[in-house]
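S.K.: Quick one: structure below, then a few questions.
The values are calculated or read from the model by the stated rules, or taken from the named source; none is laboratory data. Remember, it's a predicted structure, so these values are computed and weren't measured experimentally. Note: ideal-geometry Cβ built from the backbone for every residue, glycine included; neighbour counts use all protein chains shown.
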Amino acid sequence: MFITIKDETISGTILQELNLEFESQTITVKELISQRVLEEVAQYNKKLPKFFNGLIEPTDAEKTLNGYKLKKKATIDGEKQVYVALDAFQKNGYFLLINKVQSMDLEQKIELKEQTNISFIKLTPLVGG
């Protein structure tokens, strides 16, 4: 099943969208965050563009208008990024809204349907690996 997730501002402005594929219709918040981060890192590592647009700011990167610019072109460690993203979720570094209801627990189950609305709301810059 394909689900579109959105990065939004507090006011509801959509910053970017990402399509993710899940084999199961029931996943946890932890699986959602992990899959999202791993997909972003995989897309970046495949092409190594100038900017990384993801949930977590990689180490040795600076925030720009176009995303995060790494000081030297290199691949990003996806597992490290997942760890930082999960930690940031638990410390309220960003909000995760599922059908406009805030998720608070990494083990919360999510029933995926075509109309499932998933939004990530970043609150502060997040630095990771």
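S.K.: Got at least one residue in region 51-72 being in a helix (DSSP H, G or I) and not aliphatic (A, V, I, L, M)?
M.R.: Taking every residue of region 51-72 in turn, none turns out to be in a helix (DSSP H, G or I) and not aliphatic (A, V, I, L, M).
S.K.: Does at least one position in region 71-79 carry a residue that is free of Cβ contacts under 8 Å to residues at least 24 places away in the same chain, farther than 17 Å from residue 17 by Cα and in contact with a strand residue (DSSP E or B) (Cβ under 9 Å, 6 or more places away or on another chain)?
M.R.: Within region 71-79 (the criterion being free of Cβ contacts under 8 Å to residues at least 24 places away in the same chain, farther than 17 Å from residue 17 by Cα and in contact with a strand residue (DSSP E or B) (Cβ under 9 Å, 6 or more places away or on another chain)), the answer is yes, since at least one residue qualifies.
S.K.: For region 30-77, which residues satisfy the criterion of being of a type in the set (Val, Ile, Thr) and either touching a Gly at 6+ places or on another chain (Cβ under 8 Å) or within 23 Å of residue 107 (Cβ to Cβ) (or both)?
M.R.: Restricting attention to region 30-77, the residues satisfying the condition of being of a type in the set (Val, Ile, Thr) are 33, 37, 41, 56, 59, 64, 75-76.
Listed by number, the residues that qualify are 33, 37, 41, 56, 59, 76.
S.K.: Does region 110-128 include one or more residues that are within 14 Å of the chain's Cα centre (by Cα), surrounded by fewer than 14 Cβ atoms within 10 Å (Cβ to Cβ) and of a type in the set (Ser, Thr, Tyr)?
M.R.: Yes, region 110-128 contains at least one residue that is within 14 Å of the chain's Cα centre (by Cα), surrounded by fewer than 14 Cβ atoms within 10 Å (Cβ to Cβ) and of a type in the set (Ser, Thr, Tyr).
S.K.: Can I ask one more? If residue 80 satisfies every condition in (1) over 23 Å from residue 2 (Cβ atoms); (2) in a loop (DSSP other than H, G, I, E, B); (3) charged (D, E, K, R) but one, which is the exception?
M.R.: With respect to (1) over 23 Å from residue 2 (Cβ atoms); (2) in a loop (DSSP other than H, G, I, E, B); (3) charged (D, E, K, R), residue 80 is out only on (2).
S.K.: Out of everything in region 90-116 that is among the aliphatic types (A, V, I, L, M) and not in a loop (DSSP other than H, G, I, E, B), what residue ends up being farthest from residue 32 (Cα to Cα)?
M.R.: The extreme case among them is 101.
S.K.: Out of everything in region 39-72 that is modelled with pLDDT under 85 and β-branched (Val, Ile, Thr), what residue ends up being surrounded by the most Cβ atoms within 10 Å (Cβ to Cβ)?
M.R.: 59
S.K.: Follow-up. With respect to residue 87, determine if the residue is closer than 12 Å to residue 33 by Cα and acidic (Asp, Glu).
M.R.: Values: closer than 12 Å to residue 33 by Cα: yes; acidic (Asp, Glu): yes.
Considered against the rule, which asks whether it is closer than 12 Å to residue 33 by Cα and acidic (Asp, Glu), residue 87 comes out as yes.
S.K.: Take the conditions under 17 Å from residue 40 (Cβ atoms), aliphatic (A, V, I, L, M), touching a helix residue (DSSP H, G or I) at 6+ places or on another chain (Cβ under 9 Å) and touching a residue at least 60 places away in the same chain (Cβ under 8 Å) and apply them to residue 86. Does it pass?
M.R.: So residue 86 fails the test.
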